[in-house]
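Every number here is computed from the coordinates shown, using simple stated rules; none is lab data. Fair warning: this is a prediction, and the values are worked out from it, not measured in the lab. Here the Cβ positions follow ideal geometry from the backbone for every residue, glycine too, while neighbour counts run over all protein chains shown.
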Amino acid sequence: MNTPRFAPGDVVSVRADHPPGHVRTPYFIRGREGVVQSVLGAFENPEELAYGRRNGEEKPLYRVTFTQADVWPRYDGPANDTLVVDIYEHWLEPRS
Amino acid sequence: MSPHDDHPHSHDEPHPFQPDIEDGPITPRMVMAQAVEELLIEKGIFTADEMRAQIEMMDTREPAIGGRMVAKAWLDPAYKELLMRDVNAASLEIGIDAGGIPIRAIENTPDVHNVVVCTLCSCYPRGLLGFPPDWYKSRAYRSRTVYEPRKVLEEFGLTLPDGVEVRVHDSTADMRYMVIPMRPDGTDGWSEEQLASTVSRDSLIGVSVAKTN
């Protein structure tokens, strides 16, 4: 089984990659730093499922919280506004 | 003077042509969807009647179901605990099978207002609330809600003070989200049914709040 690599409270950064194909990690958070809010369990990787590839492998899925001002340099709302995105583990790295 | 004198067209002219759905252009994707549907039935994956029944069942799903659940949670702390832990289990309790995709409840508080968007497509708790509104699927809502949520909420008639954190949830993966609005003021002693009527579809998405009028 997949033991989750990250725990709630961990600071993570989203891989700044831009691979082709069916990707479920939104463009605007790639390369950004966030905090793991919760671990949602393990799910089959939609980046493989989209092409009919079912190998039974499951990826831990996380809810990651970002501060809006970190994601959008020109964000004009209050500093405590946040954005929460569901991200699969292979898109996350420990804070460098 | 006849009562019809204010008609904008003469009765000698035909009414403007109203095309049927089938009169629009047939796109390659429509052909593909039709082909896949026919193949699935031909290969016995499911029958035409099962597909019809599934569509019929989906059409019974509506935001009022979410409203009933929220109202019940406002009145019953044990049910609220279940709703916050597992929306699918909480819906089974009122006789609704919301399907296999896990739905999570996100609760508004005096300090945090939640709003849900799917920037990548149109993920929505359909098994519970039915089909999403058209604007939820629009490119404008999907792109603007993540980078200027307060402006989008203002356009929906909801202005939030700066002291309230706006928390945008991008539903990108295997979870679906339903906002649990705050119980409106002035509803002390209200029945579950009365409370349910304060919960609109838009308050379950988070572009509005529960209201008494």
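Before moving on, here are some points about what is shown:
- Spin-label pair A:R30/B:K151, simplified geometry with 7 Å Cα→Cβ offset, distance in nm: 2.4
- The magnitude of the dipole of region B:72-213, with charges of +1 and -1 set on the Cβ of Lys/Arg and Asp/Glu and taken from the Cα centre, is near 540 debye.
- Hull shadow area, averaged, region B:76-213 [alpha-carbon convex hull, nm²]: 8.5
- Cα-derived Rg to Rh of the protein assembly as shown, Kirkwood definition: 1.03
- Loop-located chymotrypsin sites (Phe, Trp or Tyr not before Pro) in chain A (DSSP state not H, G, I, E or B) with no more than 15 neighbouring Cβ atoms inside 10 Å: A:Y51.
- Fluctuation leader among A:R15, A:R53, A:R32 - chain A, Gaussian network, Cα springs under 10 angstrom: A:R53
- The modelled label-to-label distance for the pair B:V112/B:A140, using points 7 Å beyond Cα in the direction of Cβ, is 3.0 nm.
- For chain A, alpha-carbon Rg over 2.2 N^0.38 Å: 1.12
- Paramagnetic label zone (point 7 Å from Cα along Cα-to-C-beta, B:K211; backbone N under 15 Å) in region B:116-143: none
- Neighbouring partner chain Cβ atoms per residue of B:167-179, average, 10 Å criterion: 6
- Take the Cβ atoms of A:H18 and B:F131, set R0 to 41 Å, and the FRET efficiency comes out at 0.80.
- For chain B, Cys with no neighbouring Cys Cβ under 4.7 Å: B:C121
- Under-5 Å amide H pairs with A:Y88, H placed in peptide plane, nonlocal only: A:Y62
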